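Some notes on the structure that comes next.
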Amino acid sequence: MMNCYCGSGKPYEVCCQPYITGSMVAPTAEALMRSRYSAYVVADINYLMNSHHPSTRPTKERKSILRWTKSVQWIKLEVKNTIAGNINDPEGWVVFIAYLSDGGKIETIHENSRFVKENGKWYYISGEHQ
Ligand SMILES: [Zn+2]
């Protein structure tokens, strides 16, 4: 079995895949964040949209996000810090660095992402670049 894209060290099949396919709900903000990174890797635009809170969901950018994530090579994810976002929290923050290669040029996305939980489901709200 393949190690998960998110760098957890667990197989993809028991890490991010169940969230992306919808067979399980991500229990924590960090789990959702990791699964969204993996969804970028596998270019699952439906999951990226559905896990993005409706109030900030970039519906109009759906096609351009899909085109962009398919055009880059995702290298790795490093989760740097997590604040709240546990099973009983209403919101949480995850600081991460994502590494990708765009036309052979290595780029990083260093972000503090905010997540909220509604009706038992975590959503990505927005991110601040660090
Ligand atoms: Zn994972």
Next item on the list: Give, as a single signed number, the net charge of other residues whose beta carbon lies under 15 Å from the beta carbon of TYR12, with Lys and Arg counted +1 and Asp and Glu -1.
Entry: +2
Check: At a 1.4 Å probe radius, carbon and sulfur cover how many percent of the accessible area of the chain?
Finding: 50 percent
Next item on the list: Provide the percentage of antiparallel DSSP beta bridges, counting only those with both residues in the chain; round to the nearest 5.
Entry: 95 percent
Next item on the list: Starting from the Cα gyration tensor of the chain, multiply each eigenvalue by 5, take the square root, and state the resulting semi-axes largest first in whole Å.
Entry: 21, 17, 15
Margin query: Just to confirm my numbers, what's the Cα centroid distance between the stretch 64-99 and the stretch 32-59 in Å?
Written below: 10 Å
Next item on the list: Please calculate how many Å² of accessible area the stretch 12-129 carries per residue, with a 1.4 Å probe and no DNA, RNA or ligand atoms counted.
Entry: 54 Å²
Note to self: Over the stretch 12-129, what is the relative contact order in percent, taking alpha-carbon pairs closer than 8 angstrom and at least six residues apart?
What the structure shows: 24 percent
Next item on the list: Treat every Asp and Glu Cβ in the chain as -1 and every Lys and Arg Cβ as +1, leave all other atoms uncharged, and give the resulting dipole magnitude about the Cα centre to the nearest 20 debye.
Entry: 340 debye
Next item on the list: May I ask you to rank ARG34, ARG57 by accessible area, largest first, using a 1.4 Å probe over the protein chains only?
Entry: ARG57, ARG34
Margin query: Using amide H atoms built in the peptide plane, which far-off residues or other-chain residues are under 5 Å from MET24 H to H?
Written below: TYR19
Note to self: Place a point 7 Å from the Cα of ASN46 along the Cα-to-Cβ direction; which residues of the stretch 1-36 have their backbone N under 13 Å from it?
What the structure shows: 20-23
Notebook entry, point to check: Amide H to amide H, which residues 5 or more places from SER126 or on other chains are under 5 Å from it, using H placed in the peptide plane?
Noted result: ARG114
Next item on the list: Might you work out the accessible area of SER23 for me, using a 1.4 Å probe with all protein chains in place, and round it to the nearest 10 Å²?
Entry: 90 Å²
Item checked: Computed label-point distance, nm, for sites GLU61 and GLU13 using a 7 Å Cα→Cβ extension -> 3.5 nm
Margin query: Would you work out the Kirkwood radius for the stretch 36-82? I mean one over the mean of 1/r across all pairs of different Cα atoms, in Å.
Written below: 11.5 Å
Item checked: Solvent-accessible area of TYR47 with every protein chain in place, 1.4 Å probe, in Å² to the nearest 10 -> 30 Å²
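The values are calculated or read from the model by the stated rules, or taken from the named source; none is laboratory data. From a predicted model like this one, the values you see are computed outputs, not experimental measurements. When we count neighbours, we look across all protein chains shown, and the Cβ atoms used for this are built from the backbone with ideal geometry, even at glycine. All accessible areas refer to the heavy atoms of the entire protein, side chains included, with ligands and DNA or RNA removed. Shrake-Rupley method; radii C 1.70, N 1.55, O 1.52, S 1.80 Å.
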